[in-house]
């Protein structure tokens, strides 16, 4: 078949180059696994299988990756098929394609590559969690005023803030692990979409390729992309959360806040302004994460409203976008992990501003309710009266403002002295009394950090076991193929 020059330039050459970089190793593994299965099931003669195995052994992946696109071959599959034919003859080469199609080969390659991406992103999120856990452990007592709606709201601790991010990343891991389980199913054997009349063993090829088992319905094995959208969605959720965190970190790096200082290796200086110390690593992380999120959205859009069946919209032109999305998601996450590993919080600055702007006023109202039995609405009104009085006249003392405000609301003043009110309004007191499960009290963040340490270790074991399973399958496949 002679392809049009425009088709070659706009489609085939691009797709061949992408497949060379991303899909060659999975393709070769699929060839070996399918060959072992065909012999095991006595579907092809052992002599032909031996010639096929030697032909596969003769193919250099390095040479294939370096090859230019040849218009005599439509894609990477046919290019490699040509190499196999050259090595063992057309008849023997033709037996390798018994009971399979490019359809199930493609879908198997995509899943094999995607599960690697999921594991890499899992490792990157775990590295970020490790950085944040270490930092939180150093800052359980570091108090600062957290914001709501961009305004100072209530005191908390750096550990409490970081634990919120850590728990979000833990949930990201749950989503990624579920996506891995959905992805790690083997479509090989579905053929075009109806399976085959040959007595193949889909469990054997699943075992040899490291899958947890075969996919189910053979039509769905080719048609569905929900496994892909699940991992894309998991990555997108992680990226959206990461972007929000980066935004806070960049704000904290400003001179006006001066809460966070990055290591010198993650900043750049101005070519004209000697005083500048730009936290560009976080800016790079933000735009890379945004780019990945855009690519995730593009993946969803690309498959939306396409036919439910074998269609190129989910294949050669889409897979490079999947690779790029995961690559950028991994880059952004790893970069933030590295930045936070050496980032230093300005504890003096954080704590000096921890009580600014009446951020402990909630505890004052809580105290009136706890100690005087007042409805919280009444306590809130009294506390608001104190703040209003101080805004009108900063010279008035808090006990005086309290006496006036409580007399107006209750008809009689509440008897609190200056030292007593100073203690109640202390940011440290605010934090220490908030021992609610998940709260900022140091005793509670210590418990939460211990749990996060355990969860991180468990997730690390899962990733290690997944890698070991894939490595063991690769070794089994090598050994089984070598016997042919």
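So is residue 317 touching a helix residue (DSSP H, G or I) at 6+ places or on another chain (Cβ under 9 Å), within 21 Å of residue 224 (Cβ to Cβ) and without any contact (Cβ under 8 Å) to a residue 24 or more places away in the chain or not? So residue 317 fails the test. The sole residue among 435, 476 that is touching a residue at least 12 places away in the same chain (Cβ under 8 Å), surrounded by 12 or more Cβ atoms within 10 Å (Cβ to Cβ) and not assigned by TED's automatic domain parsing to the domain that holds residue 33 is 476. Among the residues of the range 1-20, those identified as under 22 Å from residue 111 (Cα atoms) and in contact with a helix residue (DSSP H, G or I) (Cβ under 7 Å, 6 or more places away or on another chain) are 16, 18, 19, 20. Considering only residues in the range 147-163 that are closer than 16 Å to residue 350 by Cβ and free of Cβ contacts under 8 Å to residues at least 60 places away in the same chain, the one that is surrounded by the most Cβ atoms within 10 Å (Cβ to Cβ) turns out to be 162.
Of 297, 254, 232, all but one fail to be closer than 16 Å to residue 324 by Cα and surrounded by fewer than 14 Cβ atoms within 10 Å (Cβ to Cβ); the exception is 297. Taken over the range 88-116, residues that are assigned to a helix (DSSP H, G or I) and farther than 27 Å from residue 207 by Cβ amount to 2. Which residue, of 256, 263, is out of contact with any helix residue (DSSP H, G or I) (no Cβ under 8 Å at 6 or more places or on another chain) and not assigned by TED's automatic domain parsing to the domain that holds residue 21? Only one candidate passes the filter, namely 256.
Residues that are free of Cβ contacts under 8 Å to residues at least 40 places away in the same chain number at least 2 in the following helices (runs of 4 or more DSSP H) confined to the range 1-69: 46-58, 61-66. Looking at residue 338, is it closer than 30 Å to residue 172 by Cα, surrounded by fewer than 19 Cβ atoms within 10 Å (Cβ to Cβ) and in contact (Cβ under 8 Å) with a residue 12 or more places away in the chain? Answer is yes for this residue. Is it fair to say residue 350 is in contact with a strand residue (DSSP E or B) (Cβ under 6 Å, 6 or more places away or on another chain), over 22 Å from residue 169 (Cβ atoms) and modelled with pLDDT of 95 or more? In short, yes. Is at least one residue of the range 183-200 within 24 Å of residue 332 (Cα to Cα), touching a helix residue (DSSP H, G or I) at 6+ places or on another chain (Cβ under 6 Å) and buried (at least 17 other Cβ atoms within 10 Å of the Cβ)? Yes, because at least one residue in the range 183-200 is within 24 Å of residue 332 (Cα to Cα), touching a helix residue (DSSP H, G or I) at 6+ places or on another chain (Cβ under 6 Å) and buried (at least 17 other Cβ atoms within 10 Å of the Cβ). For the range 105-138, the set of residues classified as surrounded by 20 or more Cβ atoms within 10 Å (Cβ to Cβ), closer than 17 Å to residue 299 by Cα and over 15 Å from the mean Cα position of the chain (by Cα) consists of 107, 110, 111, listed by residue number.
Go through the range 190-217 and give me each residue that's more than 30 Å from the chain's Cα centre (by Cα), outside any loop (DSSP other than H, G, I, E, B) and without any contact (Cβ under 8 Å) to a residue 60 or more places away in the chain. Once the filter is applied, which keeps residues that are more than 30 Å from the chain's Cα centre (by Cα), outside any loop (DSSP other than H, G, I, E, B) and without any contact (Cβ under 8 Å) to a residue 60 or more places away in the chain, the range 190-217 yields 202, 203. Among the residues examined, residue 119 does not qualify as within 30 Å of residue 440 (Cβ to Cβ), in the same structural domain as residue 247 (by TED's automatic domain parsing) and assigned to a helix (DSSP H, G or I).
The values are calculated or read from the model by the stated rules, or taken from the named source; none is laboratory data. Just so it is clear, the structure is predicted and the values come from calculations on it, not from any experiment. Virtual Cβ from ideal backbone geometry, glycine too; neighbours counted across all protein chains shown.
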